[in-house]
Amino acid sequence: MENTDSTSTPEQRSPLQSLEDQIALLTEINTNIQSLRRPTSFFQPAEIASGLTVGGGVVQIYHDPPIETGFKQVKALAEKLQSKPVQEALKAAKESATKEPIGLSLGRRRRHPPKRPVTPESPPPLRSFQPKTLSFFPPDSDHQYPPLCLDDFAEYAKDYNRKGRFHLQIWTATKHDPNRPLPDPPIVRFVIPDVFTVYMTLGTISPGSSVIVESATAFGSREKKPPHAQSDFVVFQSLSQHLVKILQSKPQASFQSIVNLLEDYEDLFVRACVVCGRLITGESHVPPVVRTWRGTPPPVGKTSLWDARHPLCLD
Ligand SMILES: [Zn+2]
């Protein structure tokens with residue numbers, strides 16, 4: 001540690017000054033560690049610093065590649081961690097953390113356990129990656145809806161469109177005559193105006209040949225693309241990928257339960273992620289395209305029973 005006070009040696013400094021020095025030193029170490037834990041800037045190509053003309057040819061002089069700079073910084077940090085002042089500061093911090101707070105607590109008991117000191121043996125804990133059990137469907141979704149078979153589908157869609165502001169339409173490459181049987185395989189469009197269109201390929205399962213969704217793809221409301229194409233927009237590509245996961249998580253899910261879940265996307269572009277609190281993430285620049293069943297009544301002022309999350313905010 002460098003002694004910035006030129007009028008006193010470490011031996012002459014008061015206990016308070018020494019403590020301040022140690023805190024500053026540990027803060028600096030922590031800052032160094034944090035910056036080295038974000039190494040993406042190291043993986044960039046080296047920059048050409050200048051060109052020299054030698055014997056008629058041009059020799060290019062390179063700066064140190066960023067990755068080498070990173071290794072040097074790690075080495076310097078390791079040496080600093082092993083130095084006597086840092087080791088003494090860490091030891092003092094460890095001893096201090098095990099003591100009861102003094103002075104500034106005004107007699108109030110400590111409510112939280114002391115934070116672990118930063119030591120070489122115990123680096124700051126990383127975020128937990130323990131997966132939690134998250135579901136996309138309500139637990140009773142299997143029994144929530146009456147069985148729906150393909151023969152009744154057209155009537156079901158008509159009824160659905162009469163009741164709400166979302167639309168369900170049978171899709172065909174050519175104009176569909178409502179009196180003719182459904183095309184094989186049946187493809188339907190689910191539309192939330194000004195949000196998205198989701199094409200779903202239908203199938204059936206026994207018993208009762210109930211309608212299920214075999215595949216689903218999302219597009220922007222104004223995109224004119226066939227069902228088997230891909231959206232031009234990252235948000236709908238990301239949503240389509242998530243729809244695959246939803247269907248894989250419960251292949252036998254009834255058509256109505258899928259529609260029920262899709263209806264929750266009405267606020268896709270305005271509802272923030274329940275984990276990070278943001279609408280758009282810095283990583284993917286998409287809104288929360290995941291909906292997970294919350295299982296508890298909605299907060300005051302909200303009606304949805306699902307939580308909105310980014311795909312990277314699922315832990
Ligand atoms: Zn998030």
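The values are calculated or read from the model by the stated rules, or taken from the named source; none is laboratory data. Keep in mind the model is a prediction, meaning the values are calculated, not measured. Note that each Cβ is placed from the backbone with ideal geometry, even for glycine, and that neighbours are counted across all protein chains shown.
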Taking the criterion of being of a type in the set (Ser, Thr, Tyr), in contact with a Ser or Thr (Cβ under 9 Å, 6 or more places away or on another chain), at pLDDT 85 or above and not assigned by TED's automatic domain parsing to the domain that holds MET200, would at least one residue in the stretch 130-143 satisfy it? yes
Quick check on my filter: what residues within the stretch 279-309 are modelled with pLDDT under 95 and either outside the structural domain of LEU247 (by TED's automatic domain parsing) or within 8 Å of the ligand (Cβ to nearest atom) (or both)? THR281
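Residue-wise test of (1) touching a Ser or Thr at 6+ places or on another chain (Cβ under 9 Å); (2) farther than 30 Å from LEU150 by Cβ.
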site	(1), (2)
ILE246	no, no
LYS250	yes, no
SER257	yes, no
LEU262	no, no
VAL275	no, yes
GLY282	no, yes
GLY301	no, yes
ASP307	yes, yes
HIS310	yes, yes
Considering every residue within the stretch 266-275, establish whether at least one is more than 10 Å from the ligand (Cβ to nearest atom), surrounded by 12 or more Cβ atoms within 10 Å (Cβ to Cβ), closer than 18 Å to LEU243 by Cα and of a type in the set (A, V, I, L, M). yes
Looking at HIS285, HIS242, HIS310 in this structure, which one is in contact (Cβ under 8 Å) with a residue 12 or more places away in the chain and within 22 Å of ARG189 (Cβ to Cβ)? HIS242
Looking at (1) within 24 Å of GLY164 (Cα to Cα); (2) within 16 Å of the ligand (Cβ to nearest atom); (3) touching a strand residue (DSSP E or B) at 6+ places or on another chain (Cβ under 7 Å), find the lone condition where PHE255 falls short. (2)
Evaluate the stretch 252-262: report whether one residue or more is among the β-branched types (Val, Ile, Thr), surrounded by fewer than 19 Cβ atoms within 10 Å (Cβ to Cβ) and either at pLDDT below 95 or farther than 17 Å from ALA154 by Cβ (or both). no
Which residue, of PHE219, PHE233, is free of Cβ contacts under 8 Å to residues at least 60 places away in the same chain, more than 16 Å from the ligand (Cβ to nearest atom), over 24 Å from ALA157 (Cβ atoms) and touching a strand residue (DSSP E or B) at 6+ places or on another chain (Cβ under 9 Å)? PHE233
Counted residues, the stretch 155-170 - those being surrounded by fewer than 16 Cβ atoms within 10 Å (Cβ to Cβ) and assigned to a strand (DSSP E or B): 2
